[in-house]
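Chemist: Dumping the structure here so I can ask a few things about it.
Every number here is computed from the coordinates shown, using simple stated rules; none is lab data. Note that the structure is predicted; figures quoted are calculated from it, not measured. Cβ placement follows ideal geometry from the backbone for every residue including glycine, while neighbour counts extend to all protein chains displayed.
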Ligand code: DX5
Ligand code: ZN
């Protein structure tokens, strides 16, 4: 049976995807309910294999549990060396978007075709030192580009100074393609850096630490979404 993605089409509004990497995992249901109530648009789930990045995180079982718990689209970021091994398990678990890294060992186009064949939206991520031009031959197959604004592996890092130029370059590629492709930015997003990423061309923002480590996650989310004046 094909997965039927809940991921919406690009619609001109800014979407926020809290990253559960920074959530209190003993309270995950409550944490998800709280950010949902506060207006989260998607849930960002970081999958790390201890090889592509020097950290381990979650597997398909967590995605399966979240799928039963929430109606939010599940934005699954595969920071793994061999994404082809994991596309089917995560699609079956209920991912709505599967993002692979161009720097992985597998062929990106093959991965995108495999994701699409399972009825899941396709994402491609580039690390901070990767030239955005690698995306050019792939644009036809991409629903979302995930620009890393930190070196992947850990939450709570600072937004890189080099990120706005990278975001602008990807925005130009998307505009030139004429396709409706999300531009999501991941790493170091908070109320101060969100406007910088948006001005550079982002229309979706991942935020982990700034939301889940805040004393008031709902307020933090609204500030990132630029719905509440900054304190
Ligand atoms: C980093 C992950 C991010 C991370 C973001 O490797 O891909 O999604 O959770 O966390 P913050 O917002 O804390 O930088
Ligand atoms: Zn991520």
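Chemist: Please enumerate the residues belonging to the range 104-126 that are crowded, with 17+ Cβ neighbours inside 10 Å and either assigned to a loop (DSSP other than H, G, I, E, B) or under 15 Å from the mean Cα position of the chain (by Cα) (or both).
Modeler: Scanning the range 104-126 gives 104, 106, 118, 120, 121, 122, 123, 124, 125, 126.
Chemist: Cβ-Cβ below 7 Å, separation at least six or inter-chain, first residue in the range 35-46 and more than 15 Å from residue 22 (Cβ to Cβ) and touching a residue at least 12 places away in the same chain (Cβ under 8 Å), second within 15 Å of ligand 2 (Cβ to nearest atom) and not in a loop (DSSP other than H, G, I, E, B): which pairs?
Modeler: 41/15; 41/16; 41/17; 42/15; 42/17; 42/75
Chemist: As an exercise: evaluate residue 166 against (1) farther than 20 Å from residue 44 by Cα; (2) within 16 Å of ligand 2 (Cβ to nearest atom); (3) surrounded by fewer than 21 Cβ atoms within 10 Å (Cβ to Cβ) and give the number of the one condition it does not meet.
Modeler: (3)
Chemist: Taking the range 148-185 as the search range and keeping residues that are within 11 Å of ligand 1 (Cβ to nearest atom) and touching a helix residue (DSSP H, G or I) at 6+ places or on another chain (Cβ under 7 Å), which one is nearest to residue 10 (Cα to Cα)? First the steps, then the outcome.
Modeler: First, the residues of the range 148-185 that are within 11 Å of ligand 1 (Cβ to nearest atom): 148-160, 184-185.
If we keep only those that are touching a helix residue (DSSP H, G or I) at 6+ places or on another chain (Cβ under 7 Å) too, we end up with 149, 155-156, 159, 185.
Working: 149: 21, 155: 26, 156: 28, 159: 24, 185: 15 Å.
Step by step, filter the range 148-185, then rank; the result is 185.
Chemist: Does the range 202-211 hold any residues that are buried (at least 22 other Cβ atoms within 10 Å of the Cβ), near ligand 1 (Cβ under 8 Å from one of its atoms) and more than 11 Å from residue 191 (Cβ to Cβ), and which are they?
Modeler: The first filter runs over the range 202-211 and keeps only residues buried (at least 22 other Cβ atoms within 10 Å of the Cβ), leaving 202, 204-208, 210-211.
Now restrict to residues that are near ligand 1 (Cβ under 8 Å from one of its atoms): 206-208, 210-211.
206, 208 - these are the residues of the range 202-211 that are buried (at least 22 other Cβ atoms within 10 Å of the Cβ), near ligand 1 (Cβ under 8 Å from one of its atoms) and more than 11 Å from residue 191 (Cβ to Cβ).
Chemist: What single numbered condition from (1) more than 12 Å from ligand 2 (Cβ to nearest atom); (2) surrounded by fewer than 19 Cβ atoms within 10 Å (Cβ to Cβ) fails to hold for residue 55?
Modeler: Only one criterion is unmet by residue 55, namely (1).
Chemist: Would you check if residue 62 is more than 22 Å from residue 139 (Cβ to Cβ) and surrounded by fewer than 16 Cβ atoms within 10 Å (Cβ to Cβ)? So that I can check it myself, show each step before the final result.
Modeler: Numbers: more than 22 Å from residue 139 (Cβ to Cβ): yes; surrounded by fewer than 16 Cβ atoms within 10 Å (Cβ to Cβ): no.
So residue 62 fails the test.
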